[in-house]
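Here is the structure we will look at.
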Amino acid sequence: MLPPMPPRPRVHQLLVPNLSEIDFGKLRAGRLARLQTMLKRHDFPLALFYNTANIRYATGVDVMAVWTAGTFARYCLVPAEGEPILFEYKGSIHVSQKVVRDVRPAYTWQYGGTAAPDKAREWARSIRSAMRELGLERERLAVDKLDTVGFLALQEEGIPIIDVGPATIDAREVKTPEEVALFAINGGIGDAMLAEFEAAIRPGIREFELWAVLSDALLRRHGEGLFTRLVASGTNTNPWLTEAHDKVVMPGDLVGVDTDANGYEGYVIDVSRTFLCGDSPSPEQKEAYRVAYDCVNGMFDLVRPGMSFAEFATKAPRVPAAYAAQRYPTMVHQAGLEDEGRGIPYPDDDRGPRRIMPERELRENMVLCLECYAGKTGAPFGVKLEDQVLVTADGARLIGTYPYDAKLLD
């Protein structure tokens, strides 16, 4: 019999504003200022963004994010000084003009087949023209992503390109006050999602029906969408990362969920819980739950600004040896408009390609996701838990406060 867990209050400690209190002009200006500061710091005179989250961070505009993420349909140029130029999907120019002053029609070549290189060369010439207009024609162009045709077109146009990642990571890892306020709002949305999800668990419901409950709870609260389908029950919980299918939830099953959502104004809601379908967990289920619980809460207690990622990784709790083979790939990752920034891997992880410990430190107003998966190899179940926190001067503060399943912690 496991000893009872000491009480750990899960109450909101972040100020949750009314939506009318959010200054969206200040939100957009603050993000752009951080981005341009980091472009200057890394000596990047001009950036070209196709990543939808980078475009939104720089301009404040999001258009059909799921579709445009894979179609190279819109992009923007962001100088280290001055206003961005947004090249918008032609049919959506009127949407972006409500926020951005300089909006122009975007070139695209993705479905051009053998004609694609000619269209891409036309696009590259337009990029050259815009660089000339900005007085940056002879400068390097810092890019987040391109397809092969676009990369070759810039090469043929003689435009030198470099990776913009160092600047965007440095800009986005520390949240502005307006971003923190949006995370507080989304923490409440995440709590409501999990409450409706847990209430829907019953014998006979299928995993994809539970996933639909999660999505419905998000969308009715002005969230934007789920970016994974991580709902699993029973044997589907081990190993983790099996997505929602037509499996029927049975009495005694563990049911795991990772919210993986873009909430209000696009900010990520990323919390994991595992619930019991029924009232009588087995000792083995409780043991796995305790392993994940101790891991996540041990990391929570460790968070403080100024701690290096390496120190955190060394001091963080270790899962018992029986659970090590199926550990989650990272202890910690960051979140903003997407899962972003550098994560903290296990320092002794030799599974697959070698993981490099980032030479970075925790900083105030970072948003971290602390997560643990506990499942023995071959076991019929596993437990996934994750909390999303804000780094403050006094340590971690919960962004979402949904409780753990008390039946599994008795």
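Conditions tested, residue by residue: (1) within 19 Å of the chain's Cα centre (by Cα); (2) assigned to a loop (DSSP other than H, G, I, E, B); (3) among the charged types (D, E, K, R).
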position	(1), (2), (3)
Met331	yes, no, no
Gln334	yes, no, no
Glu340	yes, no, yes
Ile356	no, yes, no
Glu359	no, yes, yes
Asn365	yes, yes, no
Gly378	no, yes, no
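In the set Phe87, Phe72, which member is within 14 Å of Leu48 (Cα to Cα), part of a strand (DSSP E or B) and aromatic (Phe, Trp, Tyr)?
Phe87
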> For the stretch 33-54, what are the residues that are part of a helix (DSSP H, G or I) and either open to solvent by 30 Å² or more (accessible area, probe 1.4 Å) or more than 16 Å from Pro166 (Cα to Cα) (or both)?
Replying inline: Ala33, Arg34, Thr37, Lys40, Arg41, Thr52
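Between Ala321, Ala325, which is open to solvent by 50 Å² or more (accessible area, probe 1.4 Å), touching a Ser or Thr at 6+ places or on another chain (Cβ under 7 Å) and of a type in the set (A, V, I, L, M)?
Numbers: Ala321 fails: touching a Ser or Thr at 6+ places or on another chain (Cβ under 7 Å).
Of Ala321, Ala325, the one residue that is open to solvent by 50 Å² or more (accessible area, probe 1.4 Å), touching a Ser or Thr at 6+ places or on another chain (Cβ under 7 Å) and of a type in the set (A, V, I, L, M) is Ala325.
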> Could you say which residue among Ile93, Ile159 is farther than 17 Å from Asn54 by Cβ, open to solvent by less than 60 Å² (accessible area, probe 1.4 Å), β-branched (Val, Ile, Thr) and over 30 Å from the mean Cα position of the chain (by Cα)?
Replying inline: Ile159
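Residues checked against (1) under 21 Å from Glu88 (Cβ atoms); (2) touching a helix residue (DSSP H, G or I) at 6+ places or on another chain (Cβ under 8 Å); (3) modelled with pLDDT of 95 or more:
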residue	(1), (2), (3)
Ala130	yes, no, yes
Glu139	no, yes, yes
Ile169	no, no, yes
Val180	no, no, yes
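Out of the residues in the stretch 244-290 that are of a type in the set (A, V, I, L, M), in a strand (DSSP E or B) and surrounded by 18 or more Cβ atoms within 10 Å (Cβ to Cβ), which is farthest from the chain's Cα centre (by Cα)? Give the derivation first.
Going residue by residue through the stretch 244-290, those that are of a type in the set (A, V, I, L, M) are 244, 248-250, 254-255, 257, 261, 268-269, 271, 276, 288.
Going one step further and asking which of them are in a strand (DSSP E or B), we end up with 248, 254-255, 257, 261, 268-269, 276.
Now restrict to residues that are surrounded by 18 or more Cβ atoms within 10 Å (Cβ to Cβ): 254-255, 257, 261, 268-269, 276.
Numbers: Leu254: 25, Val255: 22, Val257: 16, Ala261: 8, Val268: 5, Ile269: 8, Leu276: 27 Å.
Selected residue: Leu276.
Listed here are the residues, each with its yes/no results for (1) surrounded by fewer than 22 Cβ atoms within 10 Å (Cβ to Cβ); (2) not small (Gly, Ala, Ser).
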residue: Arg354; (1), (2): yes, yes
residue: Met357; (1), (2): yes, yes
residue: Glu371; (1), (2): no, yes
residue: Gly395; (1), (2): yes, no
residue: Ile399; (1), (2): no, yes
residue: Asp410; (1), (2): yes, yes
> Assuming Gly165 fulfils every condition listed in (1) out of contact with any helix residue (DSSP H, G or I) (no Cβ under 9 Å at 6 or more places or on another chain); (2) buried (at least 17 other Cβ atoms within 10 Å of the Cβ); (3) within 21 Å of Glu83 (Cα to Cα) apart from one, which condition is it?
Replying inline: (2)
> Just to be sure, is Thr68 open to solvent by 10 Å² or more (accessible area, probe 1.4 Å) and among the β-branched types (Val, Ile, Thr)?
Replying inline: no
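Can you tell which of Phe183, Phe151 is among the aromatic types (Phe, Trp, Tyr) and open to solvent by 20 Å² or more (accessible area, probe 1.4 Å)? Explain how you work it out, then say what you get.
Values: Phe183 fails: open to solvent by 20 Å² or more (accessible area, probe 1.4 Å).
Residue meeting the stated conditions: Phe151.
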> Restricted to the stretch 4-23, and to residues that are over 24 Å from Val391 (Cβ atoms) and surrounded by 10 or more Cβ atoms within 10 Å (Cβ to Cβ), which residue is modelled with the lowest pLDDT?
Replying inline: Met5
> In the stretch 292-302, which residues are out of contact with any Gly (no Cβ under 9 Å at 6 or more places or on another chain) and open to solvent by less than 50 Å² (accessible area, probe 1.4 Å)?
Replying inline: Tyr293, Cys295, Val296, Asn297, Gly298, Met299
> Has the stretch 303-314 got any residue that is open to solvent by 10 Å² or more (accessible area, probe 1.4 Å), in contact with a helix residue (DSSP H, G or I) (Cβ under 8 Å, 6 or more places away or on another chain) and either over 30 Å from Gly378 (Cα atoms) or not hydroxyl-bearing (Ser, Thr, Tyr) (or both)?
Replying inline: no
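Got a number for residues in the stretch 226-243 being in a loop (DSSP other than H, G, I, E, B), of a type outside the set (Val, Ile, Thr) and open to solvent by 30 Å² or more (accessible area, probe 1.4 Å)? Before you say what the answer is, go through the steps one by one.
First, pick out the residues of the stretch 226-243 that are in a loop (DSSP other than H, G, I, E, B): 227-230, 238-243.
Of the ones still in play, those that are also of a type outside the set (Val, Ile, Thr) are 227, 229-230, 238-241, 243.
After this cut, where a residue has to be open to solvent by 30 Å² or more (accessible area, probe 1.4 Å) as well, the list is 227, 229, 239, 241, 243.
Total satisfying the criteria: 5.
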> Which of the residues belonging to the stretch 352-369 are touching a helix residue (DSSP H, G or I) at 6+ places or on another chain (Cβ under 7 Å) and under 18 Å from Gly165 (Cα atoms)?
Replying inline: Met357, Pro358, Arg360, Glu361
>> Being within 16 Å of Tyr57 (Cα to Cα) and among the β-branched types (Val, Ile, Thr) is the filter here; which residues of the stretch 78-102 pass it?
In response: Val78, Ile85, Val99, Val100
> Among all residue pairs at least 6 apart or on different chains, which show Cβ distances below 6 Å where the first residue, located in the stretch 348-360, is within 16 Å of Tyr328 (Cα to Cα) and the second is part of a loop (DSSP other than H, G, I, E, B) and open to solvent by 100 Å² or more (accessible area, probe 1.4 Å)?
Replying inline: Asp349/Arg355
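The values are calculated or read from the model by the stated rules, or taken from the named source; none is laboratory data. Bear in mind the structure is a predicted one, so any value in this text is a computation, not a measurement. With ideal geometry, Cβ positions are generated from the backbone for all residues, glycine too; neighbour counts draw on all protein chains shown. All accessible areas refer to the heavy atoms of the entire protein, side chains included, with ligands and DNA or RNA removed. Shrake-Rupley method; radii C 1.70, N 1.55, O 1.52, S 1.80 Å.
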